[in-house]
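The values are calculated or read from the model by the stated rules, or taken from the named source; none is laboratory data. Note that the structure is a prediction, hence the values are computed from the model and not measured. Backbone-built Cβ (ideal geometry, glycine too); neighbour counts: all protein chains shown. Side chains included, ligands, DNA and RNA excluded: accessible areas come from the protein's heavy atoms. Shrake-Rupley method; radii C 1.70, N 1.55, O 1.52, S 1.80 Å.
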Amino acid sequence: MKPDINRLLEFQKLLLQFQAIQRKVNIPPGLDDTENDVEHSYDIAMLGWYLAPYFPELDVNKVIRFSLAHDIVEVHAGDTYSYGDIGDKVEREELAFKQLAKEWQDFPDLLAAIHEYESRETPEAKFVYALDKLAPALIDYINEGRGWRHLKITAKMFRAEKDRKVPISPEINEYMDQLHDVLAMQLHLFAPEEATEES
């Protein structure tokens, strides 16, 4: 049965809840101080839409759908900062998915996109997962390292975190390698190593 106006209003409320989830990534001055999950998901979708056609093995529509859906469980689970203690992230997100599955049985495409993304078995899921790790780094670089210094992220911490996750997608890993080369010449963008040793 086609959704009525009340169901459409409920979905709009879900999107507004999603927009309320603030992330740690600082965006350039003149915009809000940190991005929210809706801005982040749109950013990933646009980057993915731009890049995916250059990799013929990827289904562009899947890339866009996964990008838009990849963090929506955070409506119920909250955001988890990747450089902090991730704690019970997996359990929280599994419970959040179950709650979304109950609430949105009439949107099976969304649930399927979340499930396929989380499985990380398809090239598109791996691509979006890795792109999700690259995109905030692009913003931090454009923002002249403001977020990295503010959050005390050193070059070593950055490299270790990205090298642990991004290689899942050879397509995106190529871009991360290029970014590492650029950043190697601009270590002043990161927090100094000694600052984290003292704290």
Inset, instruction - Could you pull out the chymotrypsin sites (Phe, Trp or Tyr not before Pro) across segment 53-94 that fall in loop regions by DSSP (anything but H, G, I, E, B) with no more than 13 other Cβ atoms inside 10 Å? - result: TYR81
Legend entry - Proximal lysines to LYS156, defined as alpha-carbon separation beneath 28 angstrom and excluding residues fewer than eight positions away on the same chain: LYS24, LYS89, LYS126, LYS133, LYS165
Legend entry - Whole-Hz ³J(HN,Hα) from phi, Karplus 6.51 cos²θ - 1.76 cosθ + 1.60, for segment 69-78, glycine and proline x: 9, 4, 10, 5, 4, 5, 4, 9, 9, x
Inset, instruction - Pick out, in residue order, every one of the trypsin sites (Lys or Arg not before Pro) in segment 142-199 that is DSSP loop and has at most 14 other C-beta atoms within 10 Å; say none if there are none. - result: LYS152
Legend entry - Which label in (1) -0.64, -1.24, -1.47; (2) -0.58, -1.15, -1.39; (3) -0.77, -1.17, -1.32 gives the computed log10 I(q)/I(0) by the Debye sum over Cα atoms at q = 0.12, 0.17, 0.19 Å⁻¹: (1)
Inset, instruction - Run the accessible area of segment 132-199 with a 1.4 Å probe and give the carbon-and-sulfur part as a rounded percent. - result: 54 percent
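To the nearest 500 deg cm²/dmol, what mean residue ellipticity at 222 nm is calculated for the chain from DSSP H runs of n ≥ 4 alone, each contributing -39,500 (n - 2.57), summed and divided by the residues?
Working: 11 runs with 128 residues, N = 199.
Theoretical 222 nm ellipticity from helices: -20000 deg cm²/dmol.
What net charge is computed for the residues neighbouring ILE153, neighbours being all others with C-beta under 9 Å from the C-beta of ILE153, Lys and Arg scored +1, Asp and Glu -1? Can you show the working numbers first?
Details: positive: ARG149, LYS152; negative: ASP140, GLU161.
That sum, taken over residues with Cβ under 9 Å, equals 0.
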Inset, instruction - Report the relative contact order of the chain, percent, no decimals, based on alpha-carbon pairs under 8 angstrom and at least 6 residues apart. - result: 19 percent
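Taking GluC sites (Glu not before Pro) as candidate sites, keep only those in a DSSP loop with at most 16 other Cβ atoms within 10 Å, then name the longest stretch of the chain containing none of them. Spell out each step's value before the answer.
Numbers: sites that count: GLU57, GLU121, GLU144.
My reading of the result: 58-120 is the longest stretch.
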Inset, instruction - Name the long-range amide H neighbours of GLU35: under 5 Å, sequence gap of 5 or more, or other chain; modelled H, no Pro or chain starts. - result: ARG23, VAL25, ILE27
Legend entry - Under Karplus coefficients 6.51, -1.76 and 1.60, residue-wise ³J(HN,Hα) of segment 105-118 in Hz, glycine/proline x: 4, 8, 10, x, 5, 4, 5, 5, 5, 4, 4, 5, 4, 5
